[in-house]
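Encoded as structure tokens, the structure appears first; notes follow it.
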Amino acid sequence: MYITATLHGCLLSCLSSPGAMEDTSRQKSGQSKDTLCSPVPEEPPSNFIHVKLEEYEPADFSTKELILKNAREVCTCTHQTIITFFCRLFPVLDWLPCYKVKTQLLGDVISGLLVGIVAIPQSISYSLLANQDPIYGIYTNFFCNIIYVVMATSRHNSVGSFGVLCLMIGQSVTRHLQLAGYSDDSAGSLLLGNSTSSSNGTSACDRSCYAITVALSLSFLVGLYQILLGVLQLGFVSVYLSEPLLSGFVTGSSLTIITSQMKYLLGLKIPRHEGVGSFILTWIDLFRYIQNTNICDLVTSLVALAIIVPVKEINDRYKEKMKAPFPIELLVVIVATVVSYYFNFEERYKSDVCGDIPTGFRKPTLPDINLFSSLAVDAVPIAVIGFAMTVSLAEIFGKKYGYPVRANQEMIAIGMCNLIPSFFYCFASSAALTKTLLKESTGTQTQVSGLVTSLVLLLVLLWIAPLFYSLQTSILGVVTIVNLRGGLSKFCDIPRMWQLSKLDTVVWWTTMLCSTLITTEIGLLVGVCFALLCVIFRTQRPRATLLGKVSSTEIYEDQSTYKQLSSIANIKIFRFESSLYYANKDYFKTVLYEKTGVNPGLLTAKHQKVEAQANADPGKRKSFFGTRFVCLKQAKKRSGKPPEDACPPSLDMHTLILDCGAMQFIDTVGLSVLKETRHDYKEVGVQVLLANCNPSLRHRLREGGWAGEADSGGQLAFHSIHDAVRFAERWYRVQQEESKDKDALQDAEDLNFQVSL
């Protein structure tokens, strides 16, 4: 509802009185006159001007015409629409022709090389986390980078294996391996062809083959979900994953990942627990079998940690001065592989190693349709977390560097990065935080750097991969744990978060604990539900205050927060800092009665009792409003005070102003509450005014007839608190004058009656 800038002032017809004529004559005699452009503070109530805004006529809306219009735009097939469609679907067609080789190529090549070097050990270590052979992690990072270059709108995101997703994939794969009858001891690293088996497994597909079959089928479903969300323009779903929720989920998942990697650091062979309580059960097994620790793996892990962690800290501290971070992870992996090979750690100390990593590519395969029914639910949280991380990082860097990012296109892009690679033995991926930050800090300009990263991984796939045969799995566990420092560092932010918002901190702790102690999927679900409940709780019991006036201004603020605020005589200004709807209607009335100190229901009963007593004694009869205004605390006292039994309970206000500035909407229940409030207070002689109503609220009030015929001109809903206050003061003055006239007339009648007697 649009509002014109045309303003016109008019005196209310209901307030026309002899006093009003005096006010007009005073203005003509030279006193200050109220204007809309420069209102004069502390204006006398007699100068009240009612501001009325003229509204635009609502535009005719036809759902049928809107659907037909959009259908024509979509179905129109011209040369230009086809080009526009493909440019939107493949953004590379927009930016690649404008690529500046001289200024952008160098930064992209350097960034791509460094990200590729970091991606090598991460690809292998995250494969272990996803319960897959190392080669599949390299496949995943290779294919998804190429697809993302073509379809992404973000220039800085680096996609690939992400620790949290790999953990969730590994949990799903382990559960299906157990259902298929594969045990942890029967793990084999050889790939025996492309065939997939049924859920019970056959000799044609060993444990490793069945594990990747489950993972690629899961990746297919994840990609399908994400593409559907993007096509249906449902990118807004990510807004329900708040920053505290995602932070708590990542931290909880990081603790679970660290727990799952501890057996590799210690060289223990313990079963992988899944489901509720797996975190605690894993630590129980770690302490139960601690005496079987492989000393070689433990020493190697400690040495690697002692080297990697300090260097990573130095990289973070001096990243502004360093042109590129030192690739310590790759260096440690290379040195550890060489040492393990020459000292034969596998045979001499029984250390677990990566084993044979094949080169080249395998023939494409199809996902196992028979697994879709059991994986459909597992794919949902993976899809949600994947697109949430991707869209969040894309928007952060898009805003930082000033280029547009389309959330729905990002969802389609990451969906394609999961759907298409699922035919090439890849598991689910998303934007990775550590690699994205590295990519941004090393001067990337476009997604050409993603192609350079894929070329680095291609070298590994074709020639270098077999050289990692002797790499210990304990080193991979160290690489995984070190890359979780960002998630663990969130514990340091808790005190600051507690100061800013206690509810957000509770959301963080709830999500983190549930993700750790129960399962990651349930933790995410509990976190989302709890965060939504917190929002509902905030609106169900919002803050409610009485307002006071700042001296010599038209500003009204919270009396419980600010000092030196003056109350308006006989007027209460009540602010309810939330929309009014069915969930908080009872709280609204309760806190309103508490703050104003006036419960109209109780007062009405007392008024009825007083009126009954007055009617029993004709000498004490008075009109309702006459008695009402006599008993106001701030009203001028008369010489003859009525008896206490004939006077209703004393009130300290004649007007209640509801500040609706914080109300975004009201539903039908909220409208009914406002009607009841106005009616109840009117019964005890208190008028109710509304202030700061937005256009949609005014429309709802007008259509719902909240004030009936009394508000046919819109006089009971004001554009500002100050206008409502001035109207109330003028209204009270008129009522007092009318009450005096009635009292004088009644006294004259009584006197004439006594004379006649």
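A few remarks follow.
- Verdict on VAL377 being under 29 Å from GLY112 (Cα atoms) and out of contact with any Ser or Thr (no Cβ under 8 Å at 6 or more places or on another chain): no
- Boolean, PHE287 is in a helix (DSSP H, G or I), open to solvent by 80 Å² or more (accessible area, probe 1.4 Å) and either closer than 25 Å to VAL353 by Cα or touching a residue at least 12 places away in the same chain (Cβ under 8 Å) (or both): yes
- Residue in region 105-121 that is touching a strand residue (DSSP E or B) at 6+ places or on another chain (Cβ under 9 Å), assigned to a helix (DSSP H, G or I) and under 26 Å from GLN171 (Cα atoms) present: yes
- Some residue of region 373-388 being hydroxyl-bearing (Ser, Thr, Tyr), at pLDDT 90 or above and under 20 Å from SER127 (Cβ atoms): no
- Residue in region 133-146 that is in a loop (DSSP other than H, G, I, E, B) and modelled with pLDDT of 90 or more present: yes
- Test: residue in region 301-318 that is outside any helix (DSSP H, G or I), surrounded by 15 or more Cβ atoms within 10 Å (Cβ to Cβ) and in contact (Cβ under 8 Å) with a residue 60 or more places away in the chain: no
- When LEU451, LEU462 are checked against the criterion of being modelled with pLDDT of 90 or more and either acidic (Asp, Glu) or more than 25 Å from CYS209 (Cα to Cα) (or both), a single residue qualifies: LEU451.
- Hey, GLN233 part of a loop (DSSP other than H, G, I, E, B) and of a type in the set (S, T, N, Q) or not: yes
- Extreme residue, surrounded by the most Cβ atoms within 10 Å (Cβ to Cβ), among residues of region 554-592 that are closer than 16 Å to ASN692 by Cβ and hydroxyl-bearing (Ser, Thr, Tyr): TYR556
Here's the yes/no breakdown for (1) over 24 Å from THR103 (Cα atoms); (2) open to solvent by 10 Å² or more (accessible area, probe 1.4 Å):
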residue: TYR401; (1), (2): no, yes
residue: ILE412; (1), (2): yes, yes
residue: ILE420; (1), (2): yes, yes
residue: ALA432; (1), (2): yes, no
residue: THR436; (1), (2): no, no
residue: SER449; (1), (2): no, no
residue: SER454; (1), (2): no, no
residue: LEU458; (1), (2): yes, yes
residue: SER470; (1), (2): yes, yes
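- From LEU255, LEU221, residue being of a type in the set (A, V, I, L, M, F, W, C) and under 25 Å from VAL333 (Cα atoms): LEU255
- Selection status of GLU410, out of contact with any Ser or Thr (no Cβ under 7 Å at 6 or more places or on another chain), in a helix (DSSP H, G or I), under 18 Å from ALA394 (Cα atoms) and of a type in the set (D, E, K, R): no
- Apart from one condition, ILE280 fits all of (1) under 30 Å from ASP504 (Cα atoms); (2) surrounded by 18 or more Cβ atoms within 10 Å (Cβ to Cβ); (3) aliphatic (A, V, I, L, M); the exception is (2).
- Test result for GLY523, in contact (Cβ under 8 Å) with a residue 40 or more places away in the chain, in a helix (DSSP H, G or I) and open to solvent by 20 Å² or more (accessible area, probe 1.4 Å): no
- When residues of region 328-369 are limited to those that are of a type in the set (Gly, Ala, Ser) and part of a loop (DSSP other than H, G, I, E, B), the one surrounded by the most Cβ atoms within 10 Å (Cβ to Cβ): SER351
- Residue-level check: of (1) surrounded by 10 or more Cβ atoms within 10 Å (Cβ to Cβ); (2) at pLDDT 85 or above, ILE67 misses just (2).
- Of the residues making up region 597-613, none is open to solvent by 50 Å² or more (accessible area, probe 1.4 Å), at pLDDT 85 or above and closer than 21 Å to PHE537 by Cβ.
- Any hit, region 145-163, residues being open to solvent by less than 10 Å² (accessible area, probe 1.4 Å) and among the aromatic types (Phe, Trp, Tyr): yes
- Sole residue being farther than 30 Å from THR505 by Cα, without any contact (Cβ under 8 Å) to a residue 24 or more places away in the chain, of a type outside the set (Phe, Trp, Tyr) and not in a loop (DSSP other than H, G, I, E, B), chosen from LEU459, LEU455: LEU459
- VAL391 meets all of the listed conditions (1) crowded, with 21+ Cβ neighbours inside 10 Å; (2) more than 31 Å from the chain's Cα centre (by Cα); (3) in a helix (DSSP H, G or I); (4) not small (Gly, Ala, Ser) but one, namely (2).
- Verdict on PHE249 being assigned to a helix (DSSP H, G or I), open to solvent by 10 Å² or more (accessible area, probe 1.4 Å) and not small (Gly, Ala, Ser): no
- Pick from region 77-122, criterion polar (S, T, N, Q) and surrounded by 10 or more Cβ atoms within 10 Å (Cβ to Cβ), ranking: farthest from PRO134 (Cα to Cα): THR81
The values are calculated or read from the model by the stated rules, or taken from the named source; none is laboratory data. Everything numeric here is computed off the predicted structure, so don't read it as measured data. Because the Cβ atoms are built from the backbone with ideal geometry, glycine has one as well, and the counts that use them run over all protein chains shown. Protein only, heavy atoms only, side chains kept; ligands, DNA and RNA dropped before computing areas. Shrake-Rupley method; radii C 1.70, N 1.55, O 1.52, S 1.80 Å.
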